[in-house]
1. If every alpha-carbon in the range 1-52 counts as one equal scatterer, what log10 I(q)/I(0) does Debye give at q = 0.16, 0.17, 0.20 1/Å?
2. In whole Å, what three semi-axes, largest first, describe the equivalent ellipsoid of the chain built from its Cα gyration tensor (square root of 5 times each eigenvalue)?
3. Provide the convex hull volume over Cα atoms per residue for the range 26-154, in Å³.
4. Each residue of the range 5-18 in order: what ³J(HN,Hα) in whole Hz does its phi give by Karplus 6.51 cos²θ - 1.76 cosθ + 1.60, θ = phi - 60°, with x for Gly and Pro?
5. Out of the total accessible area of the chain (probe 1.4 Å, heavy atoms of protein only), what percent is carbon and sulfur?
6. Stretched out fully, how many nm does the piece from residue 112 to residue 61 gain, at 0.36 nm a residue minus the Cα gap?
7. Express in nm, to one decimal, how much length is gained between residue 32 and residue 128 on full extension, taking 0.36 nm for each residue of separation and deducting their alpha carbon distance.
8. Once the Cα gyration tensor of the range 64-122 is diagonalised, what are the square roots of 5 times its eigenvalues, in whole Å and ordered largest first, as equivalent ellipsoid semi-axes?
Amino acid sequence: LVVGSNTTIYRLPGSVVKAWFTVSNKSNVILRNLKIVGPGAVDVDGQDALGISGSVNVWVDHCDISDGQDGNFDIVNSSNYISVSWTRFSYTNKSSNHQYSNLVGNSDSKTTDRNHLKTTFYYNWWDNGVKERMPRVRFGEIHVVNNLFSSNTSSTCIRAGFEANILVEGNVFSGVKTPIDLYNGDYTAVTARNNIFTNTSGNQTGNRTAFTPPYSMPVDPA
């Protein structure tokens, strides 16, 4: 399903989309209240349940996204000013070997992504079945605020990749492994503050001082 510019798609009660959405080189898009169910995550370089590429000003709100074939929801190719709120990501037993949910920036060599991929994740839930990429970031300035991480299959949650600049605040990590993965050390900065960690293992801290968001918003206590 290819989404055009200046478009809002809103789900009627009870409906489920068993396909994938693509927002490519578009602007001013709202996807709200959607339940998107993919065929299951398998490592065949398939489709994401939702993919945003080269697009600006996109808001994904109150969605439920599961079992994307390659991933649940990726943001790539110099997309910018993306907001993701009140959305649940998960995988079921139909997924077998690629339960990697959210990729922001798809290559270390794609230097055109610098100064792009500015994204806010707030009030989201990474639920059971997700193994990695909650999200996995390259280049972008990413604000991860007031989310819940509770996947019972996690190996890493937030991963800071090449030139990633991430502010992690007011989140709850419950029963997960490696809440904050500093990976190869080639990130720009990761700041972690006011998060809660319950029954977790692995790194919980950031390193260096991340960007300051250019907007004001209430940050609830974790």
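The values are calculated or read from the model by the stated rules, or taken from the named source; none is laboratory data. Bear in mind that the values here come from a model prediction, so they are computed numbers and not experimental data. Counting neighbours? That spans all protein chains shown, and the Cβs are built from the backbone with ideal geometry, glycine included. Areas reflect the complete protein model, heavy atoms only, side chains present, ligands, DNA and RNA absent. Shrake-Rupley method; radii C 1.70, N 1.55, O 1.52, S 1.80 Å.
1. After summing over all Cα pairs, the log10 values are -0.50, -0.56, -0.74.
2. Numbers: eigenvalues 115, 81, 57 Å².
The three semi-axes for the chain are 24, 20, 17 Å.
3. Working: hull volume 11.3 nm³, N = 129.
Cα-based convex hull of the range 26-154, divided per residue, equals 87 Å³.
4. These are the phi-based 3J(HN,Hα) values: 5, 6, 10, 10, 10, 10, 7, 7, x, x, 8, 10, 9, 9 Hz.
5. Details: 4580 of 9450 Å².
Carbon with sulfur: 48 percent of the solvent-accessible area.
6. Details: separation 51, 0.36 × 51 = 18.36 nm, distance 2.73 nm.
So the chain would gain 15.6 nm between residue 112 and residue 61.
7. Details: separation 96, 0.36 × 96 = 34.56 nm, distance 2.20 nm.
Here the answer is 32.4 nm.
8. Working: eigenvalues 112, 46, 7 Å².
The equivalent ellipsoid of the range 64-122 has semi-axes of 24, 15, 6 Å.
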